[in-house]
Every structure is written in structure tokens, then in C-alpha cells.
Amino acid sequence: MNWNALLFAVFPYIALTLAVAVTAYRMVYRPFSVSAQSSQLLEQKRLFFGSTAMHWGLVIVLLGHLLALLLPKGLLLWNAVPLRLYLLEITGLGLGLWALFGTYVLLARRISVARVRAASTPMDYLVLVVVFVSALTGVLTAVLYRYGSFWFPAVMTPYLWSVLTLNPRPELLQDLPFWTKLHVFNFWLFLALFPFSRLVHIVTVPLGYVVRPWQIVVWVRKLAR
Amino acid sequence: MKVRAHMSMLFHLDKCIGCHTCSIACKNLWTDRKGAEYMWWNNVETRPGAGYPTGWEDQERFRGGWEYKDGHLDLRLHSRTQGLFRLFFNPALPSLDDYYEPFTFRYSDLFTAPEGEDQPTAIPVSMITGEPMTPEAGPNWDDDLSGSPLYAKNDPNLKALDPEVRAQLEEIEGVVFQYLPRICNHCLNPACVAACPSGAIYKRAEDGVVLVNENKCKAWRMCVAACPYKKVYYNWATGKSEKCILCFPRLETGQAPACAHSCVGRIRYMGVLLYDADRIPEAAMVPDEELVESQLSLILDPFDPEVIAAAKAEGIDEGWIQAAQKSPIYKFVKVWRLALPLHPEYRTLAMMFYVPPLSPVVSTVEKAFRASQGNGGLVRLDLPETDLDFEVYAALEKARMPVKYLANLFAAGNEAHIVPVLKKMLAVRILKRQESLEGRPTEKALKVLADAGLTLEEAEAIYRLTTLPTLEERFVLPPYHREMAAEVWKDPLAHKGEAGLGYIQPPLRGE
């Protein structure tokens, strides 16, 4: 087995297993530990620039990746007109840079603001570093190996599906440049860290809030029965 | 009619001496922990003042409570969708500096300092970073009006006061203040519950206590901003919100909350109120000046057979109904109409009630006297002793603590709610003084009493419950029947033969 297979065929399954199993365990048996661990109370100004940029940048870019995974043909059709390709690439790059900027601000803030530092665990730093690497390698890929949205459906979509359908084809990544490989590996690392860090808060996005009634009244005794 | 029971507290501000014993009892019991150092679930503020967190009543900034506009009742903080879009940054959240950076002193320096010429000192250090710091704020930084020009003048309740009245309030000879102890109001229409995207906060139907389910809380921290009283706090160490729990573990075992039990001035009363849960929305949706009336109309008469029947139908047991009938809160709030909720204009229907304080009115009378005499400086008021009381009663609008100010605190600015309360309290005071001076209620005192709308019996009852209540009269606690509730939560036999304690999950960050 070579490194390529180890990193892109074996490790993804370790990461996915951890992500699913440990997250489920935490949600059920350690619910107190699941929290976004906001530090807005301790510092506000830098958080505004960092958190908004990182979250929105990443969320939209990740949704873009998901779209490319689910609708590769649609993406290719969209890109058939050069203007539309440029538009997509510029938007993606812009969002990536925004996320990169935000993550940098958050990392610098966590290191330099004494109050935030005091509240931080080593995992808090590690998570930010992983997110930073993710944004950085993504931006590098976008800049150096144009056009990502063009070759993603040809390379990444089949690779990701091969992993998800339990028939991994790491050889698809064999010849990709270093930064792109790092970007992919970093994603699996992100998934592996996910259940052990504050990242679990991602699965708790409270979309139900939109439909629930304003007030919640609980009969402690009735609930117990 | 859907009858529910509510545990309510009453603060008799005329008796509060501002000693902070309540705050310390609460701090020792609940918030003496990492991440909670800055929290004061119970705090006592000097009024006029900016309070804690500084300027919490400024809802333009902190966006707490509800807004009633065009027939709709909406959170001032956000709509549901806006709430989701603000998860990553909540613009209305107070920062730690709006509270204060908690500090302690490095006492060990006193013992370990090297021998030298100077006395060793214990320097202040931050309880968050552990680094030396200069304390620049605290939960009682403006206690007893210290730093008045900076703090008291920023009190939002001073708005809408006549410039003349305001000047009179700030005049050094006439300077006056009162205390305002605050805990969570365990509202009927809580904004914190409505603002929580996770649905982690809830109101207990059995006794109305509003609680945060720490297992569901995900640190979206909307509750902190949405609570107009700023009584939900964010624990920066565990990443969970926390708030006053009305000492429910004490209530369930027949003890009054720690703040109430430890109260030196015995200003706090605790009891059951029955209310109509069906009418909550409509009670919160009336114009500002009708809010007090509409909220009090929710509170039901526990002697009314219809109410009793409806309460029993809702599963409220006999013990609770009896407690509601003996409730000192019901007497103060509904029978005597002496108590009001704090800031009803927030429309959360706060269920802790306040008897507004009396204030000396002499200074203004003195001033008028002084002006008529044409000389400066302080002059002893030269009125016949017997008339003095009646002067006060008649000149309520000249009270040193302006009626308008009290109205801004307790009646959404409606002075018509404050005046009768003060008149009743003064009438009782005049009556009792006349009784002790003359040995009987005098003609004049009875006239004042009738004017205030009190009978002799009522006045006597108010007097007794205000000045001479026993512990059992102040705290009428219903039987919670924990012995019957416990097995509903947990099968007592389930853990038989096991080690006993189960898995202990420490409340640590991310664990």
C-alpha cells in the first residue's frame, strides 16, 4: 500500500467512522459537551470581522462543493459559457479569500487577546489551524490550477462518490498537485477532528427555530411519563 | 380559562437597606465557579443609576423584550430568520465590559513578598486571565450614588422627567436614592425562551420557573440579548447560558430561595399566584398605559370557586390552592394593589413584583419655605409636628424620589399607578403614627385612610404583613411533593446494586 492509498482510501474511512460514531455518541450521551463555545462575550470587534467572514465564506463555499458533488453535469453545463465560468470562479475565489481572511483574524485574535486565550483549549487552536489550512489550500488551488470548477466534476466528484459508495479510487488523486492533495487530506482531517472538537456544533444548526412556536412550556411530570 | 400556578417573589422596596446579603447568598450558592464569576443572578442596584450590566435598560442598544406594533407582538431582537442569520455574530450581545471583568486579589503576595521597607500589597488580578489588572468597573460601582455624575445621569428612567424635577433630584442637599434588588423575573411571556434558536429555555408549567436546559444550549447566546432585564448570562468557560433558577431545589424541599431567606431587611415575600395561561398573549398586546392592568387581570382569585374548579381540572392540587389563598404576593398585588412588576413596557409579563419605596418629601417643602423667607442655606422645617405627615401625603408630586421616576420603573411611565400605592402606604404610616402618639386612630388619620381607599382592617393587615410578618407569613411555600415526583423522573430501583453515583460528567469546556 502506498501513501496515496493510505491517505485517500484508508484515512477517509477512519475519519468518516469517527465523525459519525463519536458525534452520535456525544449528541446522545454527552449533550452538555456540544456547544459552539462562542467567545463573543470576551471580545466583540475582531470576532465580528473574523467570525462573520469565516462562517459565511466557508458555508457558501462548502455548499458549492456539495453542489458540484451532486450535480456535476449541471456544473459543466453552467461552465460551458466562459462568462459564466469566470463569474463562478471569481465568486468562489472571493468567498475563499473572505473565509481565509476571517480565519486568520480569528486565529490571531485567539492568540493575542488575553481573555480569549484564557478561555481556549489546545483543540480550539487546532480547529482554527485546520480550517485555515483548508481555506489557504483551497485558495491556492483556485489560483494556481485553473479552473477548479471545470476539473472538479471530472476528478473530485468520482473520487468522493467512490469513497461514499465504499469502492475507493485513490488513484484519481495520484497525479494532483501537492496543494490540492493537501486540501483533500485536510478535509478528511477536519472530519476526523469534527467529533472531538467544538466543530460538532455544525450539526446542531437550529433550523427548527423558523417553525417552532415562540414559547416553550414543559410539564416536568408529564414529560417524564 | 387555563389555570396555572406560579411561584412569585415580592420585593418590599420601602424596607430594602441595600446590604447585598441576597447577592452574596446567591453568589455563594450558585455562581462561585469558573466562567460564572461575573454573574450576579441576584444583584442590588442603587437608583437612580446605570445598574448592572451598565445601562441594561437601554433597549435601543440591547434590544431586549417585545415590541407591540400594528397588532403584532415581536421580539425586539430579531425575527426567526434574522435570528438564524445572526448566529455567527449577535450585534446586541453585551460584552464582558458591559458587566465587568471579574477580579480578585493576589493575597499570597502578602506572605511571600521579600523583606523590605514597604508593606506588601495584594494586587488585583483578573479572574479570567489571572494577569494583574486595574479594576475599572464592578457590579456595584455606583453603589449609594458613588460616581453619580457618570452613572446616575445615564439612568434611562430619568428620561421624560421635567427638567425641574431632574434638577431637584440632582441637587446635593436633596440627593436621594433607593435600592432595586433584581433576580430573574420568571416572566409569563419570556423573551429569552422565544429568542433561543435551540429551544433550550423553557418555562416549567408546575411553578412557572424559567430554566435553561444546559444539555440543549448550544451557545447561540440570543437569550442574553433578548432578556430585557439582562438576567440570562453566558458562561464563557463552559459555553452555556445560565440564569437564576429561583432556587427550585430549595423550593422543592420547602425552603425559600437563598436570596429571600437571607434577606436582612426581610423585604422579600414568596408565594403562589394562580393565573390564566390562555389570556397571556392578549394581556401582552395592549397599549403601554394599560399594561399593568392587563397583566394583573391575568392573576386569578384563588377563593373563586370557578377558579378552584378550573385549577383542579388542570391538575393543581389542594395544597397549592391553599398556598395561593394564603399567598402574601396575592395580597400585596391584587387585594391591596400595592405591588407592581418591573418595567411592564418590556411586555414579558414579569412575575416578580415590587412595592415602590416611600421617600422623604421634606426637601421641596423646605425649599419653598426657604424661598418664601428669602434666605439661603438649610432651614429646619418649621411646621407643627402633627401636620407634617399630612403635608407629605398632600404633596406627593413633590416627593424627593419623583413619582414619574417610579412610574418609569414600575408602570411604563403611568403615574396613575404609582400615586395610589404611595398614598396607601403613607396612609398606613400616618395611621400607625397617630395611633402611637394619640393612642387611637385620629379623625385626620381616618380621613387620610378613607382618601387612600383603605379600611381600618386593611390598613392593620398591611401594617402587620409589612412590619411584623413571621417567616411562615412571608414565605408561603406550597408542597411540591418531591417524594411523588422523584420516581417519575427516575426508577429508584434501576440503579440498585450499582456503584451509586453513576457517571459524573464535569461541566468543563467541551467535555
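The values are calculated or read from the model by the stated rules, or taken from the named source; none is laboratory data. In this text the structure is predicted, and so the values were computed from the model without any measurement. Note that we place each Cβ from the backbone using ideal geometry, even for glycine, and neighbour counts take in every protein chain shown. What goes into the accessible areas is simple: the full protein's heavy atoms, side chains included, and nothing from ligands, DNA or RNA. Shrake-Rupley method; radii C 1.70, N 1.55, O 1.52, S 1.80 Å.
Points worth noting:
- For the residues A:179, A:214, A:161, a GNM of chain A with alpha-carbon springs under 10 Å puts the largest fluctuation on A:214.
- Comparing Cα centroids, the stretch B:410-438 and the stretch B:207-254 end up 36 angstrom apart.
- In the complete set of protein chains, residue-level accessible area for residue B:288 is approximately 70 Å², probe 1.4 angstrom.
- Electrostatic dipole magnitude of chain B [Cβ: Lys, Arg +1; Asp, Glu -1; Cα centre; debye, to 20]: 900
- A simple spin-label model places pseudo-atoms 7 Å from Cα toward Cβ; at residue A:87 and residue A:211 they are separated by 3.3 nm.
- Between residue A:165 and residue B:433, the modelled labels are 9.3 nm apart [label points 7 Å from Cα along Cα→Cβ].
- Projecting the Cα atoms of B:169, B:461, A:161 onto the dipole axis of the protein assembly as shown, where Lys and Arg carry +1 and Asp and Glu carry -1 at the beta carbon, places A:161 farthest toward the positive end.
- Listed residue pairs exceeding 24 Å between alpha carbons, taken from B:203/B:240; B:15/B:423; B:69/B:331; B:69/B:424; B:15/B:331: B:69/B:331; B:69/B:424
- Reducing the stretch B:294-341 and the stretch B:447-477 to their Cα centroids gives an inter-centroid distance of 18 Å.
- Rounded percent of accessible protein surface that carbon and sulfur make up, chain A, 1.4 Å probe: 76
- Per-pair calculated FRET efficiency, R0 = 41 Å: residue A:125 and residue B:282 via Cβ, rounded to 0.05: 0.20
- Accessible-area loss of 40 Å² or more (1.4 Å probe, protein heavy atoms, chain alone versus all protein chains) is found in the stretch A:111-141 for A:115, A:118, A:119.
- FRET E, pair residue B:461, residue A:20, Förster distance 41 Å, beta-carbon r, rounded to 0.05: 0.05
- Summarising the amide proton neighbourhood of residue B:235: residues at separation of 5 or more, or on other chains, whose placed amide H is nearer than 5 Å comprise B:240, B:241, B:242.
- Potential lengthening of the chain between residue B:122 and residue B:104 amounts to 5.6 nm, from the contour at 0.36 nm per residue minus the alpha-carbon distance.
- Stretchable slack from residue B:136 to residue B:72, in nm (0.36 nm times residue separation minus alpha-carbon distance): 18.9 nm
- For chain B, the residue among B:180, B:353, B:295 whose Cα projects farthest onto the positive side of the dipole built from Cβ charges is B:295.
- Across the accessible surface of chain B, with the other protein chains kept in place and a 1.4 Å probe, carbon and sulfur atoms take up 54 percent.
- Interface residues, the stretch B:208-243 - accessible area loss of 30 Å² or more versus chain alone, probe 1.4 Å: B:215, B:218, B:220, B:221, B:234, B:236, B:240
- Inter-part distance where the stretch A:1-68 and the stretch B:82-160 are each reduced to a Cα centre, Å: 35
- Buried area at the B-A interface (accessible, heavy atoms, 1.4 Å probe, summed, Å²): 5300
- Each Lys or Arg adds one and each Asp or Glu subtracts one; over the other residues with Cβ under 11 Å from the Cβ of residue B:51, this totals -3.
- For the stretch B:466-476, 3J(HN,Hα) computed residue by residue from phi via the Karplus equation (6.51, -1.76, 1.60; θ = phi - 60°) reads 7, 9, 10, x, 7, 4, 5, 7, 6, 10, 9 Hz, glycine and proline entered as x.
- Averaged per residue, the stretch A:3-224 has 50 square angstrom of accessible surface, using a 1.4 angstrom probe with ligands and nucleic acids left out.
- In sequence order, calculated HN-Hα J values of the stretch B:277-286 (Karplus, 6.51, -1.76, 1.60; Hz; x Gly/Pro): 5, 5, 9, 4, x, 5, 5, 8, 10, 10
- Spin-label pair residue B:79/residue B:264, simplified geometry with 7 Å Cα→Cβ offset, distance in nm: 5.2
- Residue-normalised accessible area of chain B, expressed per residue, 1.4 Å probe, Å²: 43
- Calculated FRET efficiency, residue B:215 to residue A:78, Cβ-Cβ distance, R0 = 51 Å: about 0.70 to the nearest 0.05.
- Which of B:236, A:219 is most accessible, then next, and so on - probe 1.4 Å: A:219, B:236
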